[in-house]
Each structure stands twice: as structure tokens, then as C-alpha cells.
Amino acid sequence: MNISGLGPKTFQNCAAFVRVSGGKESLDATLVHPESYDLARWLLKELRWKLSESESIKSMSGEEQKENWKEVAKKAAGTFHFSEDRVLTVIDHLYFSIMSPDPRLRKEAEVLETTKIGSTKGCSSLPPNASTIDKLGECKLPLRSIIGTVRNVVDFGAFVDFGLENDGLVHRSKMGNVSLESLLVGQEIGVDILGVAKNNKISLGLTGLDFPAVTQDSKRPRKLETNKPQRKKQRRK
């Protein structure tokens, strides 16, 4: 494939961000850069990890893991003449690729606990009348069955990009029996838009649960009493 202005080196750098499954090279499905494949193969043998088996990674505390990785990185740095920081980056990429495989490679039944809750089946992109946050605020909510992409997973829920400049939040209380831990960054899910607050924070719920709309009043930030203007006390003459 010949593309004007795209040389072999640029192509290699771009290709490093593409995860390919089912090919001859199993490392193509990981986050590891092709220039570090030899190092990655050595690390997999040294750590006794297997790309397709998360069980191959022994459970250990954060401190134990940190010390183990440092020891392996020091050994690899001397063998491959890389910096220890670069080796640690490759270890981290291997770890993440094994423990959090590309969600697009999973079967839908494995991604979500049910076939309806959070499924993208029957969902669509935002309609034109909700293409901006101002327009969305004027729409009758809830707006059901919108396709979104998980951008971040935190303790209290998941932030989802559903087509606007602001991501929405699916609070863990709006997920039904779907486990928060089952969601992965980059995964497509179906959401209902439940509310838009005065500060443009957007409340979402997983499709299939049919949560009611969240009113703006319930989302208004509370004002502290100390912010109220104080009246000056008049002295009696």
C-alpha cells in the first residue's frame, strides 16, 4: 500500500497503535511496539506469562510486583541494552494486554452479563436534534438506546463518550446487575441519557434498565452557607 508522505518508519510507528488478532504474530494483539517484540518474547519467558492466559500472572501485592518487575527489568536492560524504564514500559504493556484484552475481540455474551442490559443491539448514534450539549438540554429525556464508548472506569462508575464534547457518567447505581469490573476502556455499550445538569454534567444509565429522567434540580450544586453575603450589623445609638 503506497500512501504519499507515509514512509516505512512512519508506517511502523502508526501500525504500533493497531491491535491485530488472529495473525501470525501473537504480539500484534498487544500494546507492545513492534520494535520491542524481541524484548517482549524474552520477558514473557522470564516472567512465565502467557498472552492468552491471565491465570499465568501470579497474584502478588503491589510492592512485591514492583520489586519483581524491577529485578527483571535490570536483567533485561543488560541483555538488550535498553534503559530499565523502557523495559518496565514493555512489562506494563504486556501485563495490561493479558489482564485487559481488547474488548472488541470478546464475544458479546462475555462482555456483558445479560443480552439486554447495556447491549448495543438496537442502539444508534445521537440524533441531529441532540448533536450539541445545548440541544440535548432542550430534548425530552430520557433519550434511550444511544451507542457509547467507555473512556474511563473509576470506583463510582464509568465515563462514556456518546458523541458530545462532554463525556457522560454511568454511575454504578445505574448499571443493574452488570459488574463495573466487566467494563473495559474502548468497549462499546448502549446507554440511556437521563439528565443534563446546570454544570453540563451528564447522567447516563445502561440500556434495558429504563431508569427515569434525572431532573436538573436534583443535580444543582449546593451552595455553602459561607458563600451567602453577610449583612452588616447596625449599632444602636
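Mind counting the residues in region 28-53 that are farther than 17 Å from ASP85 by Cβ, modelled with pLDDT of 90 or more and under 26 Å from the mean Cα position of the chain (by Cα)?
4
With respect to ARG144, determine if the residue is of a type in the set (Lys, Arg) and touching a residue at least 40 places away in the same chain (Cβ under 8 Å).
yes
If a residue must be closer than 10 Å to ILE91 by Cβ and small (Gly, Ala, Ser), how many such residues does region 34-59 contain?
Final tally of qualifying residues: 1.
Residues being closer than 19 Å to ASN68 by Cβ and open to solvent by less than 50 Å² (accessible area, probe 1.4 Å): count how many of those fall in region 33-50.
The total comes to 6.
Please work out if PHE80 is of a type in the set (Phe, Trp, Tyr), free of Cβ contacts under 8 Å to residues at least 60 places away in the same chain and open to solvent by 80 Å² or more (accessible area, probe 1.4 Å). Show your work before the answer.
Values: of a type in the set (Phe, Trp, Tyr): yes; free of Cβ contacts under 8 Å to residues at least 60 places away in the same chain: yes; open to solvent by 80 Å² or more (accessible area, probe 1.4 Å): no.
For PHE80, the condition - of a type in the set (Phe, Trp, Tyr), free of Cβ contacts under 8 Å to residues at least 60 places away in the same chain and open to solvent by 80 Å² or more (accessible area, probe 1.4 Å) - is not met.
Go through region 83-102 and count every residue that is of a type in the set (A, V, I, L, M, F, W, C) and either outside any helix (DSSP H, G or I) or open to solvent by 70 Å² or more (accessible area, probe 1.4 Å) (or both).
Initial filter on region 83-102 (of a type in the set (A, V, I, L, M, F, W, C)): 87-88, 90-91, 94, 96, 98-99.
Right, trim to either outside any helix (DSSP H, G or I) or open to solvent by 70 Å² or more (accessible area, probe 1.4 Å) (or both) and you get 96, 99.
Going through region 83-102 one residue at a time, the tally reaches 2.
The values are calculated or read from the model by the stated rules, or taken from the named source; none is laboratory data. All values derive from a computational prediction rather than experimental measurement. Because the Cβ atoms are built from the backbone with ideal geometry, glycine has one as well, and the counts that use them run over all protein chains shown. Accessible surface areas use protein heavy atoms only, side chains included; no ligands, DNA or RNA. Shrake-Rupley method; radii C 1.70, N 1.55, O 1.52, S 1.80 Å.
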